Structures are given as C-alpha cells and as structure tokens.
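First up is the structure itself, then whatever we jot down about it.
The values are calculated or read from the model by the stated rules, or taken from the named source; none is laboratory data. All values reported here derive from a predicted model rather than from experimental measurement. Positions of Cβ are generated from backbone atoms using ideal geometry, with glycine treated the same way; all protein chains shown enter the neighbour counts. We work out accessible area using only protein heavy atoms, side chains counted, and drop any ligands, DNA or RNA first. Shrake-Rupley method; radii C 1.70, N 1.55, O 1.52, S 1.80 Å.
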4 protein chains.
Amino acid sequence: MTIAPPNFYPPFNILRLSHVELGVTDLQASRAFYEGILGLRVSAADDEALYLRGMEERVHHSLILRKTPQPVALSLGFKVFADADLDRAAEWFASKGLPVEWVTRSQCQRCLRTQDPFGVPLEFYATMQRLPPTHQEFAAYRGVRPLRIDHCNVFCPDVDAAYAFYNEMGFRLTEYTQDDESGRFWAVWMHRKGGVHDIAFTNGRGPRLHHLAYWVSNPLVIIDLLDLMATSGYLANIERGPGRHGISNAFFLYVLDPDGHRIETYCSDYQTVDPDLEPIRWDLKDPRRQTLWGAPAPRSWFEQGVPFEGVTPVDPVLAGQPIVAP
Amino acid sequence: MTIAPPNFYPPFNILRLSHVELGVTDLQASRAFYEGILGLRVSAADDEALYLRGMEERVHHSLILRKTPQPVALSLGFKVFADADLDRAAEWFASKGLPVEWVTRSQCQRCLRTQDPFGVPLEFYATMQRLPPTHQEFAAYRGVRPLRIDHCNVFCPDVDAAYAFYNEMGFRLTEYTQDDESGRFWAVWMHRKGGVHDIAFTNGRGPRLHHLAYWVSNPLVIIDLLDLMATSGYLANIERGPGRHGISNAFFLYVLDPDGHRIETYCSDYQTVDPDLEPIRWDLKDPRRQTLWGAPAPRSWFEQGVPFEGVTPVDPVLAGQPIVAP
Amino acid sequence: MTIAPPNFYPPFNILRLSHVELGVTDLQASRAFYEGILGLRVSAADDEALYLRGMEERVHHSLILRKTPQPVALSLGFKVFADADLDRAAEWFASKGLPVEWVTRSQCQRCLRTQDPFGVPLEFYATMQRLPPTHQEFAAYRGVRPLRIDHCNVFCPDVDAAYAFYNEMGFRLTEYTQDDESGRFWAVWMHRKGGVHDIAFTNGRGPRLHHLAYWVSNPLVIIDLLDLMATSGYLANIERGPGRHGISNAFFLYVLDPDGHRIETYCSDYQTVDPDLEPIRWDLKDPRRQTLWGAPAPRSWFEQGVPFEGVTPVDPVLAGQPIVAP
Amino acid sequence: MTIAPPNFYPPFNILRLSHVELGVTDLQASRAFYEGILGLRVSAADDEALYLRGMEERVHHSLILRKTPQPVALSLGFKVFADADLDRAAEWFASKGLPVEWVTRSQCQRCLRTQDPFGVPLEFYATMQRLPPTHQEFAAYRGVRPLRIDHCNVFCPDVDAAYAFYNEMGFRLTEYTQDDESGRFWAVWMHRKGGVHDIAFTNGRGPRLHHLAYWVSNPLVIIDLLDLMATSGYLANIERGPGRHGISNAFFLYVLDPDGHRIETYCSDYQTVDPDLEPIRWDLKDPRRQTLWGAPAPRSWFEQGVPFEGVTPVDPVLAGQPIVAP
C-alpha cells in the first residue's frame, strides 16, 4: 500500500490512547503483579475489577483489570478533545456501518462504545474523573515507576485496511514495515498524541491484543524491574529485552502478567507533533528494526496475543512470519 | 489574576516553539560552545550565521546564531499547523494593532514576522526545509546529546497581560506562581505541544529573554555536560544546577554561552495533552518550586536576561524579587 | 609537610573501615531516617541501639546508632586481616603511649579499643558475625540503595600529625591539599581497602566527626534520594550536592540525619590498589577540588561536626578557612 | 572438589590482573575498534603493536595488541606488590617445575615470564612506567568510557586443578558452580584485588582465553556502546547482553573485536576485601547464574575461545555443556 496523506481534519478529535481494559482470572494475583511489581497505583478496587494509573496520570485510570473466566482483552479506550467529538464519532462510526452504543462508565461523563472493522472494541470519552497529581509523591514510587500509558499494539489480519481506517480517523503514520513482494504493509505505528504511536498494527492472526505499554523515565528503572522480577518469583514472566527498538528508537522490555497479558515498559522515543514528519520505512530483513542491537525476539513474542472478547481472530492476508530468531 | 478558561478554538493553530534566533559577538566561539560542548549539530554556517539542530530534529534548525555587535535576542520562532494558519495569524495580530510583515527566510516557505504586546519579535511559519533523521546516528552524539528544542522563558513586566494574550492565542497554562497580596501572576508556564511549556513568563524587567531549553534524554547526560564543561575551560559558564524543578518536575541545568545567553538542558517533565489538565499553583514562599531539593538559585539567575533587539525593557508591575538565595 | 613514603609493611594489617558508632537522641526518629529514607537494613534493634548494614555487606553491621543524651560520635571501627593483627595493634598503640583495652562487642570475637593521638576512639576486630548475602534481594532495596560503608572524614587540628600517624599505621595517601605558605597539609585522603579513602582528615577544630559515607551504585539513586527527601519531610536535611568532587572524582550528596550527623552518599571514585599510585595534589584556590563543577559548599559544611564522646575539640594549627562560598 | 582454605600467606604478593596481550591480524582495524568504538586511550603505537589503557589507569597499558598471523592470546600480566615478590615468584614457579624466564618489557623494570600448569603464559612485574592521570579529562571520554581492566576468563580442561594452583598462589574464591554428580568445580571466580575476580576458570576445551573485561561506570554507558556499535558497522560484533550476571551481580555486555577476541564491559560487582567472605555456590541448573534475568547465552559464548600461542588446548575432564539456550 502506498502511504496516504494524513487526514489533518479528521471527523472527530482523538487526543490519545487513554486506557485499556483487560480480563484477568485472578484479581489478587493481578494486583500483586501490577501494584507490587510494576508499581502502578490503585485508584479503586472491588470484587469485580481493579483500576490503576501511572504516577503522572491524573485521570482515574489507564488500566482496568476485570475478573473474567479466561484472559481476554475487553476494550481500548481513547480520550477525545471535547464532548461534541463524541457525537461526531458516533455519527462517523455509524456511517461506516459499525455498531455504536452509549454505555455507562462510572468514572466517565459520557462514553461511546463501538468497534473498528475487525471487531476491536473501542471506547471514547471526553471527560473522566480527575485525581490529584501524584508525580511528586516520590515515596510512592515502586517497581518500574510507570508514569503513564503510552500505546497499545494489535495483531491485525489486514494491516493495509487497518492503516486506511485509522488514518481516516486522524491517526498519523510515523514508522512502518512493508512486504517487498506485495507492497502491503507488514506493520504500522500511528499516533495522535505527539509520540511515535498510540496504536500499532502488526500482521498476524487477529484481531488480538499484542501488548500495551507504559512510559517510564529512563532505562535504569527498566533494569530495576528486571532485577526485581528475577528475584521475586517472576523470572518466567520476563519475555523479551531489555533492548532498544530500531523502530521508535525506544528502550524497551516486555513482560507477561500472571494471565499472559504482555506489558511493555518503554522510554525515550521521539516527538512527532510536526504534521509534515516523514514516516520512516524499515526493511523487514533488517534485524535492527525490532532490536537495534540485533537480538532476535523469542518465538512467543511473534505468536502470542490475547483475543478481544467475543471476536474470533482470523488468519492474516500476508502469510509467513519475518522471524529472525532461531 | 484568576485563571481564564483555555481558548480551545484559538484564532490559528500553533504547534510548538520551533526555533530561537540569538545575536552573538563571535561566531567561532559560539560554534565551539554549541557544537563542541553542548553537542548540537550544525545544519549550515556562513560568515553571518550558524544554524543548529538537536539530534532528533528534522527541521533545518532550532537555533540560529547571527553575528551582532552585542549579545541580543532576535526572535522566537513558532511552527503552525498549516499554511492557512499563517494568514489567520496575520489577521489576528493586525486586529490587535500589532505590526505584521511577511519576511524571507531561506529555509521557510512563508514566514510571518510580528510581535507580542511587549515587543517580543515572533516569527511563524508552516513549512521549513526538512533534513534526514539523525536520531540513530549515535556516532555523532556529543556533549549533552541535545535532542530537540523544548521551550523558552521570557522576563515580562506584566505577566497577567502576557498570560491573557498568549491564552487567547491558544497557549494553555500548566503551572504558575501568584503574588499573594495583589493576586497577580508572578510566573506562568504555557504550552501548545503537550509538554509543560513552550513558553514561560516570569515577572521582571522586560521583555528580556531569560533562557531557551533543549530536551535531553536523562539526568546522566546532564552530569556528563557538567564534567565536560568543568574540565574544558567552561567552568565559569555553569550557572545553576543540576537539580529538579518543583515546577514542571524536570531535571535541569543552566549554563551560559560565551555571550551570556542562558541555555537550559532539561528532561523528564510530563505529558499535558489533556485539555482538562488542572494548572498547578505553587506558593512563592516554597523554595521547592524552583529546585525541589531546596537549593536556591544564584542572584544572576534572577537578574540577568538578554534584551530583544530594538526593544527597551521596562520595570515590572510587581516590584521585589522572591529570591530565596542568600 | 612533605609526603612520606608509604609504610608498606605496617605494624598490623588493617583491611578497611568497617563501621561507625554514633550517639543519637531518638532511636525511633533515627530508624525512620536510616531505614525508611536512606534504605539501610536493620540487623538488630533494641531499646539501646540499632544495628544497620548496606545491601551488599555480610558483616553484622556497618553502623551502630546508640541512644545518648546528646548527638555524639562514639567510635570508628576497623576490620583487621587476622586475629594476630589485633595483638600487634595492641602492642603498637601501647608503644605509642596510647590506652588499649579489650572490650566485649557481642557480634565480634575479640575487640580492641584504643584511640589515636587526638583522642579519636578506634576499635579493631578481625571477626564479626556474618549474615547471609542480600545484594540480590532486590525487593528489599529502598531509598538510596546503600551498598556498603566507604569512608569517614574527621576534622583534625593538626593534619600533618594525623597523616604521619595513620601513614605509619599503613594508610596510604591518595589526594591532598596543602597550605601554600606553611607547606602544611590542609586535608588528606588515605586508604587501606583500594579506594580513594577509608579515612580523611580536614584541618579544623577537632577532633570531630565530619561525616561517614555509604557507597551507592550510580548517580541516579542519589537523585532518587533527593526527590524522596524533598517530598517526605526531610527537605531541611539536604545539606550539599549533588555534585562531583574534584578530589576523588566521586559523585556525592551530603545529608543530615535527625541529630545532625552528616551522611554522604558516594559513588564512582577509582581503584587505588597499586602501591606506587602517585598522590594527587590540589590547589586550595581551585574551587573544583570540592565540587568539580565549581559550586561552593555551604558554610555549615565547613563548620559543623560532631565531637567524639569525652574528647574536647581544640583549635587547629592552621587558622582560616578556604571557604569559596559567598 | 571441596573448597580449600584460602592461602592467606601466599608465596608472593600479587596485586591484581594488570594487562593482557593479544595477537591481532590487522592493527588498523583493531585500533578503529578499541580506540574508536570501545574508547580506550592509545599510550603508544608502532608497526608491531598498540598499547592501550582505560581512563583511570596510570600504568602505561592494560592491553597490548600485537600483530600476529592468526588471532591468539599471548599472555596474562599481573602486577605484584614489590620487587622482591618477583624473585619469590620465580622460585615458586621453578619449584613447581614450571619454566621461568626474565624477559625485557620496555615499560617494565623487571618482568618474569612463566606459565601455569596448563601452559597459560603469565607475566609478573612490580613496576611499570606510569602515565599522568586522565580520569578527569572528560573531553577525551569515548565509547563505553572504559575505566580500568577488571578480569579475564579462561576455558580450562580441569577447573579443580586450576583452582588448587591459583588458590595456593593466593587467589581467593568468591563464587563457583559445581557438577552435582562428580562434585567437581564447573567454574570458579577468584580474586586478588578486592572485586569478584581477577581471573575465572570455566570448564571447557582449554586452555583458551574466553574474554577479558573492562570496568565501566554504570549500565547506561553499556547501552551507549550497544547503540554505537549497532549503527557504526559493528552490529555483528555484539555477542551477548546486556544483562546482569547472577554470579558477581555485575551488569555486562560481551562484544567481539575484529579478530573475534571477546571483550566484556562490566560494572557494579561487589567488594571482596574481607578474607572471611563466604564463596557463593550456584546451581548449574539455575539459569540466573549466567543472566539473572534468565536469558540464555548464545552457543558461541559457550564454545568460542582463543588459544594461547604455542599451547594446544585439550578436552575437559568434565564432558557436556550446561547450555540453557535452545
């Protein structure tokens, strides 16, 4: 696919990825991991769900963990600029033939629930309950000292189609890989907030959630997390890293929560607010695109993802896997 | 002054502070400092001027050093979203009775030159010559490894008036200090790009440029810069820091270039894209607002600034200095 | 004084500074600081005393806090190579006309208590109770993550005499300052363990303990400590730093405990095991000797120290203070 | 093998591993790597050899690269405490039936060349030419900013025998792995200087040099080296890491020079000057012994080593490889 012009005047104004809702099988085990190891702060907790946020977030939560029989991804949440954007969003999704629904979310004034063409459940809101700043409560910093949600990454059976849909919604492409033969996108990184991405799509059986990422301050807190996990009973939950991505230039680590949900800790990508920022193309044969230093990702990283509730993944248009690991 | 509602639908769309132009007396000495010590990259150089950029910037320059008889600040440059924003800007400034002029800037397609009510020269453009990415040319990283311009800070004789003007232009307030007695703002931090500020105004004889700041990756590169300057003949150019600001939460260092222009190296403030982000008020009596760890700033930091060319600074409305240093 | 040849075959074999005993007025307040803020581990505690160690120390303690009516320094403890060294030490101190005494220390097999010519109480032992390694119990790391005791620093009224005495004991000089006029030492840094110092002496009313220092892994944990103290009620306990010493090249921070005992957190000096390592001389007029970056120390840092129990400080031989601060 | 008591009164006093001499096939390519990428300083260079040192070393060199037809290890160099130790060393090695020879080394006063029972060429000296300190010439810091040589690691066909021999020479055991069935050592880490090791022996076809290591200040400079190598034509020379060793607790990276010599950059192990420090035993089945975070080493790391000149490696007593990588 050729790169389309960004849609500078999108149908409604999305600010950023705001939160993700995951289904987990054991809230207590999840809390031990997310609060005790990763270091997220608990905003609210009951028998059904746990609400968490990073140290600099003033919204009520950026992660909801809801008790479910199986691990599952429940929705991706986005904050829009103004209340009117919600109505415009509802209209736009309806015009695409996609289901729209106004749902009640106790911390949000109004919340629109819909889905993308692959069935990924999306929620939009303009106003979520605000909490006092905690970024200077240094005595409460724990684990990897997560500051804020950064992005999510979704396995997608047709990345060209996902790109076209999200581009129309106003997401802008920053980096990408492309299949040389077919010219189809293999993976795309797209943003709204001025970083490398709010969402990325990778070719693969999908839709499935590949990971969500928290922004941290620098590589040393990621090393701290590795030391902590390795000596606190979470050795097997370390999946990949640490390393620097070629794509995005970010320093990263991927870990798995007790249900196998993949969490990335991520720092030092770059600013992308210029609308004329040229997307960077990476060759699928360049091992540095994934890890600048050449280390291959483990097989699990290419294959494992979590389905969205009620959505059956399908095989991708592009077959094969550009796996460089042995 | 009470905080006004942000102007969410401003007369034209400014993206970010893009570049600053300074007058320097010795281009060779300046190049030794900015390229050899700070580590900025030279985009172009001739007998009149030096153009520099940070390692992740793809615009032609974020700093212009122009040979002048005296050290002076020449202009603040802002990138707008689209070409049409330039015309809207011209109209808006003209409607305020401020001079507007279309000027030729070799790297910009169109450039509007105007000024704010205090006489600060402002330049706006939509399209500047782009250069290839260099953020992964690690062999070229030097000094403090400056990544991108972040903000500038201006001494202003009437911060209330500056706040009102820039708020109308769409800048949003993130943090501030206020004089208890009069209720007037002492200093305001305002942004467009989603960080704590693109521009700050501090009460004082003005307008004068207080400093401009480059974003760096983490505190250790700032410590490297200190070690380097202290042992390379620039000991006397270290002015203040390192420290963490209470306001903005950023880790900082202030140094002086060979002409006395103040440069801040700055990292790890926070994301501010939410339009409902509540501004944080700091008490002028809290020493932590300047340095979270309590260390006072030296007298020079409160008093020295560089006038803008052709603009005579005037005394501030609010007298006195909240100097906490001995 | 001219530098004497090191005593390569000293009367007995001291390995390193092992521990310091301080008198504190409120054990609970001290524990809150040393355990809760600095992050030392408590080995034992009762109504009389608190025993602490760093994360990589396997001796029972490197710091004893004993309840006393006034803040006071109680003793400096050194580990010797072998049991026989204790007897040789006893003989040597006795030969100098200094009091020697075998004292009972519950964690040490044998303990010799004596004093240096200025009255500084010294304790020597060969074998102290060992504890299991904890350096990889990362879940227990707190505060500045102190790893091990590094050195202590003592105000001394006659640095030449201290140098001669400790040199004869086998301490080796690594760096020093000298009074230009008289040729007398102003300060000396002397080691046994292979770092820049186990003990330093500074000209001043003494003997008084100036500070003791813990080794930490890197500058960022020191920045963490600053952030923590500034926002946890210990702002006024931050005395000086962070900075890099010219002398020793170490990155440092000085903080005060609730009784005013000065603690340094310290990292990245250099290895000194070569017996032919040339001592480095620093000019008293070079501000970089104290802080490489030029920042002066506050007056308190030059003046405040804690007397040793029962020892009356006297004025120094060299008058005046090389204070570079305003 | 059971752990023997350390030899606290060894036949002669070795201070530390001082330098390593390697045979390289292309001095220019080696210089580009060691000076241009790693950042060692060149002390001397001619058509035959290149002499290098780290930033804090004041001896003439810690690495000699000599032009040879094939990559080969030429000798391990140790500094002894005093000149008389050289004569004692000559006597001791002769008493073991090992060849001793006084050789001329232009930078050393006297130099004894001998070998260990496996044929590893060893050189001992007391006095090497000294150079001025450069640890505060921060403008000269490059690459990984190597500070000093730390240790070397040798494949050995009989680790029990190596342990017994070096233990008698005064090296002290800090950590080890052991074959459960035979009770034989698999690998031992032994020191003289007060760190985790000056030399380690690993079961394998040998003797062959596995790697030599430079001490660096903190993990971030190792990350800098990775970024630099990956983008400067040395991607394929990155072999393993970054990671934290379980054994030694050090943060590490292994890279290969242009001839395949393995260099480790290493920081943050712990102090071992206490003679009663208990050696730490690691289970060969614990993946954390190699990388605390569980990542396996690549096959090359277990298999590749460089022979010592003129010494034919033999198969190890213990067969099999505890390779945990797939």
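Details
- Here C:Ala82 meets each of (1) among the small types (Gly, Ala, Ser); (2) open to solvent by 20 Å² or more (accessible area, probe 1.4 Å); (3) in contact with a Ser or Thr (Cβ under 8 Å, 6 or more places away or on another chain) with one exception, condition (3).
- Candidates in the range C:239-252 are the residues that are touching a residue at least 60 places away in the same chain (Cβ under 8 Å) and not β-branched (Val, Ile, Thr); of these, the one that is nearest to D:Arg192 (Cα to Cα) is C:Ser248.
- Residues of the range A:304-326 classified as at pLDDT 95 or above and of a type outside the set (Ser, Thr, Tyr), total: 12
- Test result for C:Gly143, farther than 27 Å from C:Val103 by Cβ, touching a residue at least 12 places away in the same chain (Cβ under 8 Å) and small (Gly, Ala, Ser): yes
- Taken across the range A:204-216, residues that are touching a residue at least 24 places away in the same chain (Cβ under 8 Å) and over 22 Å from A:Gly305 (Cβ atoms) do occur, with at least one present.
- Any hit, the range A:13-36, residues being among the polar types (S, T, N, Q) and closer than 29 Å to A:Ile280 by Cα: yes
- Close Cβ contacts (under 6 Å, 6 or more residues apart or on different chains) running from residues in the range A:65-78 that are over 22 Å from A:Met128 (Cβ atoms) to residues that are open to solvent by less than 20 Å² (accessible area, probe 1.4 Å) comprise A:Thr68/A:Gly23; A:Pro71/A:Val306; A:Val72/A:Gly23.
- Subset of the range B:259-272 (residues that are facing chain A (nearest Cβ under 9 Å), in a loop (DSSP other than H, G, I, E, B) and open to solvent by less than 20 Å² (accessible area, probe 1.4 Å)): B:Tyr270
- Selection over the range A:16-68 of residues that are open to solvent by 40 Å² or more (accessible area, probe 1.4 Å) and not polar (S, T, N, Q) gives a count of 13.
- Within the range A:273-302, restricting attention to residues that are polar (S, T, N, Q) and in a loop (DSSP other than H, G, I, E, B), the residue that is surrounded by the fewest Cβ atoms within 10 Å (Cβ to Cβ) is A:Thr291.
- Hits in the range B:13-41 (condition: of a type outside the set (S, T, N, Q) and either in a strand (DSSP E or B) or not assigned by TED's automatic domain parsing to the domain that holds B:Leu74 (or both)): B:Ile14, B:Leu15, B:Arg16, B:Leu17, B:His19, B:Val20, B:Glu21, B:Leu22, B:Gly23, B:Val24, B:Arg41
- Sole residue being out of contact with any helix residue (DSSP H, G or I) (no Cβ under 8 Å at 6 or more places or on another chain) and not hydrophobic (A, V, I, L, M, F, W, C), chosen from A:Thr174, A:Thr127: A:Thr174
- The criterion of being open to solvent by 10 Å² or more (accessible area, probe 1.4 Å), assigned by TED's automatic domain parsing to the domain that holds D:Leu22, within 18 Å of the chain's Cα centre (by Cα) and over 30 Å from D:Ala319 (Cα atoms) does not hold for D:Arg88.
- Only one entry in A:Pro6, A:Pro99 is under 30 Å from A:Arg184 (Cα atoms) and in contact (Cβ under 8 Å) with a residue 24 or more places away in the chain, namely A:Pro6.
- For the criterion of being of a type outside the set (A, V, I, L, M, F, W, C), away from chain A (no Cβ under 11 Å), open to solvent by less than 20 Å² (accessible area, probe 1.4 Å) and within 25 Å of B:Phe171 (Cβ to Cβ), B:His245 fails.
- When restricted to residues that are within 11 Å of chain C (Cβ to nearest Cβ) and of a type in the set (Val, Ile, Thr), the range B:288-309 contains 1.
- Residue satisfying condition, being under 22 Å from A:Glu35 (Cα atoms) and within 14 Å of chain C (Cβ to nearest Cβ), within set A:Leu226, A:Leu256: A:Leu226
- A:Ala4, sole failed condition from (1) assigned by TED's automatic domain parsing to the domain that holds A:Leu112; (2) open to solvent by less than 40 Å² (accessible area, probe 1.4 Å): (1)
- Single condition A:Ser232 does not satisfy, out of (1) away from chain B (no Cβ under 14 Å); (2) assigned to a strand (DSSP E or B): (2)
- Applying the criterion of being surrounded by fewer than 20 Cβ atoms within 10 Å (Cβ to Cβ) and at pLDDT 95 or above to the residues of the range D:170-191, the residue that is nearest to D:Leu15 (Cα to Cα) is D:Gly170.
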